[in-house]
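Trainee: Before I ask anything, let me first share the structure, which is written out below as structure tokens.
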Amino acid sequence: MLQIKYIRDNKQEVVDRLKIKNFDAAQLIDDLLNADEIRRSAQKQLDDTLAVSKQLSKEIGQFFKTGQKDKAEEARNKSTELKAKAKDLEQQMSEAEKDVEKILLEIPNLPHPSVPTGKADTDNEITYEEGELPNLVDGKLPHWELTDKYQIIDFDLGSKVSGAGFPFYRGKGARLQRALINFFLDEAINNGYLEYQPPLMVNEASGYGTGQLPDKEGQMYHATEDNLYLIPTAEVPITNIYRNTIQKEEDFPIKNVAYSNCFRREAGSYGKDVRGLNRLHQFDKVEIVQIQSPEKSYDTLEEMKDYIANLLRKLELPFRILRLCGGDISFASALTFDFEVYSAAQERWLEVSSVSNFESFQANRMMLRYRDKDGKTQLAHTLNGSALALPRIVAALLENNQTAEGIKIPKALIPYTGFDIIN
RNA sequence: GGAGAGAUGGCAGAGUGGUUGAAUGCGGCGGUCUUGAAAACCGUUGACCGUUCGCGCGGUCCGGGGGUUCGAAUCCCUCUCUCUCCGCCA
């Protein structure tokens, strides 16, 4: 959520910058500032009324103490009048406040100046590419056939027991999952991240805090009986740890890592995108989250990018980095880089990580602040990134490393898997 | 699931209708003292909104929401959470 003060002072700039996100904010912002004006004028009147009424109440107390009953009665009547007026003003104010809040929740974060214009993912800017694309012999199989061949992931069984998008991992497939999770966690810990195991269900306030609600309501599984949401990413519980807190600047950067299952309804997805491991309703992900001061948050974003690149390097996967264009970047993000690995049998790039700086957008929603050097409280910046999401990593590992003898495990993983080939 | 108790400032802990944003202690910050430090002493110490160029001024906030009252941390309703006992249970 953008800060109302900023919009007030930089109306045109906000409208212009949101155009990069293909978001026409002009009307919305007029409505917003209008509601804001109503709110402020109502508050001014309300405050003045309350000030008088408060004073009166004190006097009434005094009158009663000193036995001046008549004066007390008189003041009491006057106060009753004021009270009615205050109630009315309060109503006005809270309605205008709701309008302001509602509109603010609909306005996306401002894109960073480096975000390229564009409508769709085809307009994303490839900023970096590394690794040789594997040149496989004929007879290469897509991962969903390899998983069958070696009986390491069973999609049909998942469909039977749960539904599409809920696979069973078995044997070496299950161990590979476990190995990747441990590998990613160990790497993060060695890079100064603190490990958390978060709850997998969160309340409504947390959903709003990180911005999944209200705009992505339909993407989360919702347990209506208890009004809890299954998390779509560990970002939600981990970032919400800091909801309504004031941090110390000297504690920055706060670096957290969490492995979790992630649950996504993926309503509206279809076709080759959902084949095999490409898109699941439940998957595993290790997520890194950082809280940082505004001055340093973009350095932190670079550091996180380097960290993720290094993971992919260790897994010996060819990858590229994309700077997301205005049309593809998420609602809450100011700047996002996607990491894609090349999956050799599908012959396509698969997104395995997304690392973003949300600046103060999430922080403002959840009141995550810090005390700066001058002792002033201000909004912190939040960042997060996948490090990494498992399914597509597994897809690429299987496809790229298939040989006549079986699927070879990259060196860095062998200590974790305990085997060097799946056959 | 049943019965009971509770939720106050960074922490601990008073406060049951009238200058209570809130005693007191600890912690934090500033100062005196000291070569330095500790101790001691003195002072200071919340967040948010509005208003102001600024000093400041006004308002709101004692778990969340609603109500009673001229006036509520204090009374009532409701929700959430915590604790104790019973039941169930990985």
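Trainee: Among the residues in segment A:87-106, are any within 9 Å of RNA strand B (Cβ to nearest atom), exposed (fewer than 14 other Cβ atoms within 10 Å of the Cβ) and of a type outside the set (Ser, Thr, Tyr)?
Mentor: Scanning segment A:87-106, I find at least one residue that is within 9 Å of RNA strand B (Cβ to nearest atom), exposed (fewer than 14 other Cβ atoms within 10 Å of the Cβ) and of a type outside the set (Ser, Thr, Tyr), so the answer is yes.
Trainee: Quick one: would you say A:Phe166 is assigned by TED's automatic domain parsing to the domain that holds A:Ala234 and in contact with a Gly (Cβ under 6 Å, 6 or more places away or on another chain)?
Mentor: Yes, satisfied.
Trainee: Can you spot a residue in segment A:281-299 that is β-branched (Val, Ile, Thr) and either more than 16 Å from the chain's Cα centre (by Cα) or part of a helix (DSSP H, G or I) (or both)?
Mentor: No - not one qualifying residue is present in segment A:281-299.
Trainee: Among the helices (runs of 4 or more DSSP H) confined wholly to segment A:1-78, which include 3 or more residues that are within 9 Å of RNA strand B (Cβ to nearest atom) and under 22 Å from A:Arg365 (Cβ atoms)?
Mentor: A:4-9, A:26-65
Trainee: Residue under question is A:Phe331, and the condition is that it be within 12 Å of the chain's Cα centre (by Cα) and either farther than 28 Å from A:Glu249 by Cα or surrounded by fewer than 24 Cβ atoms within 10 Å (Cβ to Cβ) (or both); does it hold?
Mentor: Against the criterion (within 12 Å of the chain's Cα centre (by Cα) and either farther than 28 Å from A:Glu249 by Cα or surrounded by fewer than 24 Cβ atoms within 10 Å (Cβ to Cβ) (or both)), A:Phe331 qualifies.
Trainee: Scan segment A:339-355 for residues that are in a strand (DSSP E or B) and open to solvent by less than 10 Å² (accessible area, probe 1.4 Å) and report the count.
Mentor: Result for segment A:339-355: 7.
Trainee: Let me ask something else. What do you reckon, is A:Gly276 crowded, with 20+ Cβ neighbours inside 10 Å and farther than 26 Å from A:Pro198 by Cα?
Mentor: Yes; evaluated as a whole, the condition is true for this residue.
Trainee: Answer with yes or no whether A:Pro237 is modelled with pLDDT of 90 or more, within 24 Å of A:Asp284 (Cα to Cα) and in contact with a Cys (Cβ under 6 Å, 6 or more places away or on another chain).
Mentor: Considered against the rule, which asks whether it is modelled with pLDDT of 90 or more, within 24 Å of A:Asp284 (Cα to Cα) and in contact with a Cys (Cβ under 6 Å, 6 or more places away or on another chain), A:Pro237 comes out as no.
Trainee: From the list A:Asp138, A:Asp88, A:Asp99, A:Asp70, pick out the single residue that is in the same structural domain as A:Phe358 (by TED's automatic domain parsing) and out of contact with any Gly (no Cβ under 6 Å at 6 or more places or on another chain).
Mentor: Every option except A:Asp138 fails the conditions.
The values are calculated or read from the model by the stated rules, or taken from the named source; none is laboratory data. None of these values were measured; they are calculated from a predicted model. For neighbour counting, all protein chains shown are included, and Cβ atoms are generated from backbone atoms with ideal geometry for every residue, glycine included. Surface areas here come from the heavy atoms of the whole protein model, side chains and all, with no ligands, DNA or RNA. Shrake-Rupley method; radii C 1.70, N 1.55, O 1.52, S 1.80 Å.
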